[in-house]
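Here is the structure we will look at, set down as structure tokens.
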Amino acid sequence: MEVLRNALDFSDFPRVDLCVAALVASFLLIFPLFHFSSFAMATMIQFLMFSLYGMGWNTIGGYGGQVDLGKAQYVGIGAYTTSVMLIRWDVPFWVSMPVGMSFAVLWSFIIGYPLFRLKGHYFAIATIATSLVLKDLFEVWDFVGAARGLEISPIKYHPPDFLRLIFKEDVYYYYVILGFFFLGIFYVNWFRKSRLGFQLRSIKDNEDVARSLGINVHWAKVKTYAIATAFVSLVGSFHACYIKNIEPEDTMSLDISILIALMAMLGGAGSLWGPIIGAGVLIPLKSYLKEWLGAKAGLVGIDLIIYAVIIMLISAVEPRGIWGIVEKARRRRSV
Amino acid sequence: MDILVGSLAAGILIGMVLALVAIGLTIIFGVMDIVNFAHGEFLMIGMYTGLLTAQGMGIDPLFTLPFAAVVGFLLGVICYYGFVKFLLRGPMVAQLLGTFGLMLFLRNVALLVFGSEDRAVHSGILVGRSFEVGMGVVIPATKLAAAGLSVVAFVTVWMLMNRTKVGKALTATALNSQGARYMGIPTDRMNALAWGIGAASVTIAGALIVNFWSVNPFVGLLFTMIAFAIVALGGFGSVPGAFFAGLVVGIITEIPGIWDFFTYTFNLDWMSRVPMTSFKYMWVYLAYFVIMVVRPRGLFGWKY
């Protein structure tokens, strides 16, 4: 009960935040009623998925200050577990998702335990290396379809199939991921007020002081890494059912890892709303830029150029992201 | 036996080039503690510079090294003053993602300008020639020339770092930038110089390998990761470390050949069934991981 009360208690935010959050939440709930184009729908689902990825990254990267650039491997583990179990043994999503999550968490302990002896850049690059190793392995592993990947053919099932999460219309997917999205927000809201959350923030501020206060720094990091992993693997499982066709190249590539970190960074790492804001800005921008500019002949990659310029600007001008700008403005007004 | 010796020789030759790739990264890291994700993209630009100058002027790519060096130096300095300088104030996350943004930017500009198809040099005085050094080992002349010139370039950079006043100033900046500033060393200019030298050495490497490696805009990431592995093994910020680690990593990339040797020699069935060539670069990443966990300082590192 205590946990639940903490998770649902947002009273330490200013009233303005809560009003905006309530508006956004109600908009998200009634969004499908507007009957926007299917492209807008797909973009919204992407937005919700990447907000969840970002929230996961935010626990270790934002609150804990450990830059992890290897999250894509857990997307892959989640997605592959769900696809393999569905295709080979017809296991429903709601069973395979927790199984994938356990695999991902197990793997995160295996590599997190040695990795967290490293700090800063060393840690970041090592996470990239592990992610690339796993991707290379999946590309030659025949059981999971090697480089061709796996395809869930929707013909075998009778949509709407709520157990296996096979739908024809995107609306169903939208509401499933929206449910996870709200759960994710509540979880992170509890997390930031939990004992681990406070430990983690003290580690970010000063690791030596945190250790001298009796915090088991290494174990706290490994635990939080596992939490972040669980988030990412959950969305990975959802991704497998939603996209229905997964390959190592687009579920486990470095770009995904960076995108996940970028969401949280752009919005403001270390704040509850940061990843959501980041995904809300970046995902629509990315997909519409691709739609408008990428399709035109002779302009291949111009969407990614604009995208790269945004990354460069945000990291050079305001590293604390959009939320940092908001907070700065607020502080100026209150003084 | 010839496979084993051939693989080792190929590994050592490519290792010398890789050492030149890594020295740029290690200088930049040593001087200003910033990890440059765009390093492989500099190499890609060096490869395009070599290729296009060679084709445009009708000369062998090996003679385009000065152009590549100038382009690389300018590129590095522009990147520093235009962008990286502003990153230094921010936290580490911002630096990592910032240089990643630079990588994405350069890669996609190259994609826009050059297109996505593979390009390679087909003409040149050395292309297609090779030496036979006995025991059935054949060494392509292009690789030999690239390795030799890499060593020359490497030694030049090493001399620059250790035997000149500018190099001493760079080292001082690396050791303690605040102290160096008090001593009257213009640390900002030293940082720019580090970026210039770093980028120039890697573009030279790019112009060297274009003789035997086809170039496309996506070639960079592989070299960035290899360079990270070399720098990690040699020790962040260590120049001689980069050389030995380059040789080691060069041999690691030839593991499939060595594997083949053992497969044929002992005629093992299970070994031939492992698709070793698709693991070619996995060993490099794995090596990086193991080095970082076992000895984060690297073999010759002084900075950790």
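The values are calculated or read from the model by the stated rules, or taken from the named source; none is laboratory data. Treat the numbers as computed from the prediction; the structure is a model and nothing was measured. Backbone-built Cβ (ideal geometry, glycine too); neighbour counts: all protein chains shown.
Number of residues in region B:210-239 that are β-branched (Val, Ile, Thr) and within 18 Å of residue B:291 (Cβ to Cβ) equals 5.
Taken residue by residue, region A:227-243 has no member that is within 14 Å of chain B (Cβ to nearest Cβ) and assigned to a helix (DSSP H, G or I). Would you call residue B:211 in a loop (DSSP other than H, G, I, E, B), at negative phi, surrounded by 18 or more Cβ atoms within 10 Å (Cβ to Cβ) and not hydrophobic (A, V, I, L, M, F, W, C)? It is true that residue B:211 is in a loop (DSSP other than H, G, I, E, B), at negative phi, surrounded by 18 or more Cβ atoms within 10 Å (Cβ to Cβ) and not hydrophobic (A, V, I, L, M, F, W, C).
Only a single criterion out of (1) touching a Cys at 6+ places or on another chain (Cβ under 7 Å); (2) farther than 24 Å from residue A:87 by Cα is not satisfied by residue A:166, namely (2).
Just one of the numbered conditions (1) surrounded by 18 or more Cβ atoms within 10 Å (Cβ to Cβ); (2) part of a helix (DSSP H, G or I) is not true of residue B:121: (2). Residue A:7 - would you say it is part of a helix (DSSP H, G or I), modelled with pLDDT under 85 and not charged (D, E, K, R)? Taking the combined requirement at face value, the residue satisfies it.
Residues that are surrounded by fewer than 24 Cβ atoms within 10 Å (Cβ to Cβ), modelled with pLDDT under 85, out of contact with any His (no Cβ under 8 Å at 6 or more places or on another chain) and in a helix (DSSP H, G or I) occur in region B:62-74; there is at least one. Residue selection: residue A:279 satisfies the criterion of being away from chain B (no Cβ under 14 Å) and surrounded by 22 or more Cβ atoms within 10 Å (Cβ to Cβ). Pairing residues of region B:83-112 that are without any contact (Cβ under 8 Å) to a residue 12 or more places away in the chain and within 7 Å of chain A (Cβ to nearest Cβ) with residues that are small (Gly, Ala, Ser) and not in a helix (DSSP H, G or I), at Cβ distances under 7 Å and at least 6 apart in sequence or on separate chains, gives B:93/A:269; B:112/A:301. Is it the case that some residue within region A:131-150 is facing chain B (nearest Cβ under 10 Å), polar (S, T, N, Q) and out of contact with any Phe, Trp or Tyr (no Cβ under 6 Å at 6 or more places or on another chain)? Yes, some residue in region A:131-150 is facing chain B (nearest Cβ under 10 Å), polar (S, T, N, Q) and out of contact with any Phe, Trp or Tyr (no Cβ under 6 Å at 6 or more places or on another chain).
Within region A:53-106, the set of residues being within 14 Å of chain B (Cβ to nearest Cβ), assigned to a helix (DSSP H, G or I) and closer than 21 Å to residue A:217 by Cα comprises A:57, A:58, A:60, A:61, A:62, A:63.
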